[in-house]
Amino acid sequence: MKISHSHHSITLFPEKAALLADGSLIIADLHLGKASAFQAHGLAIPEGDSAADLERARILCQQSGASRLLINGDLFHSPAGLSPEVKWLLEDWLAAMPIPVTLILGNHDRSIRGIPPALQPVTSMEAAGFTIVHDPADAPPGEASITAHWHPVARIADGKRSRLRLPCFLLRGPTLVLPAFGSFTGGVPIAPDAHDRVFVAPGERVIEVPHALLR
């Protein structure tokens, strides 16, 4: 689905990614190694889908025709989750990626030592007229930005006493907040403001949710 944001075009994908006019594909909040981090603290949680998430990102880059991939924060979950297996997985993935990959550092990434140089880590960057920064609180006031961090989820009316919960893109003022890309991340229900726009993918396409259905 194509939307206009601050006079710039963005394509939203049901895979929880956004493509800018300059060919930059943006995903966020993969939280690689989250299961390993829990295991390191003695919780018997099955290994997450880090390999599957990275493969989804690679396929989406190919299918979208992106010229580069921007990971808008929290690629990693914690130092405890950065196991040798996760390191090898990421190194193999980076070596196989046909386009450049840049990591915009998120709050979880900042505690990670030895981030692969191939990720070209930065605190923020400019792309196609937008500031790309992980936390909406760090977005320049009044300027068009693309952020993440909140793992936004929309609650949608589904009958008198039930409602759906779906990851969503949240457009609030000049800021677009991306849903979490990782499959083991969870989400936080948003409290929509009157002028918010909310987009979800209940199937194979992105749609905008009418305000009357948001709860």
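The values are calculated or read from the model by the stated rules, or taken from the named source; none is laboratory data. Quantities reported herein were computed from a predicted structural model and do not represent experimental measurements. Please note: Cβ atoms are built from the backbone with ideal geometry, for glycine as well, and neighbour counts cover all protein chains shown.
For the range 94-108, how many residues meet the condition of being within 19 Å of the chain's Cα centre (by Cα), at pLDDT below 95 and in a helix (DSSP H, G or I)?
0
Within the range 75-86, can one find any residue that is under 20 Å from residue 125 (Cα atoms), at pLDDT 90 or above and surrounded by 14 or more Cβ atoms within 10 Å (Cβ to Cβ)?
yes
Taking the range 171-183 only, how many residues are within 12 Å of the chain's Cα centre (by Cα) and outside any loop (DSSP other than H, G, I, E, B)?
Within the range 171-183, residues that are within 12 Å of the chain's Cα centre (by Cα) and outside any loop (DSSP other than H, G, I, E, B) number 2.
Of all residues in the range 184-198, which are surrounded by 14 or more Cβ atoms within 10 Å (Cβ to Cβ) and within 14 Å of the chain's Cα centre (by Cα)?
184, 185, 187
Does residue 103 fit the bill of being in contact with a helix residue (DSSP H, G or I) (Cβ under 7 Å, 6 or more places away or on another chain), under 15 Å from residue 54 (Cα atoms) and either surrounded by fewer than 18 Cβ atoms within 10 Å (Cβ to Cβ) or among the small types (Gly, Ala, Ser) (or both)?
For residue 103, the condition - in contact with a helix residue (DSSP H, G or I) (Cβ under 7 Å, 6 or more places away or on another chain), under 15 Å from residue 54 (Cα atoms) and either surrounded by fewer than 18 Cβ atoms within 10 Å (Cβ to Cβ) or among the small types (Gly, Ala, Ser) (or both) - is not met.
Considering only residues that are in contact with a strand residue (DSSP E or B) (Cβ under 8 Å, 6 or more places away or on another chain), closer than 25 Å to residue 177 by Cα and in a helix (DSSP H, G or I), which ones fall in the range 55-89?
Hits for the range 55-89 are 57, 60, 61, 64.
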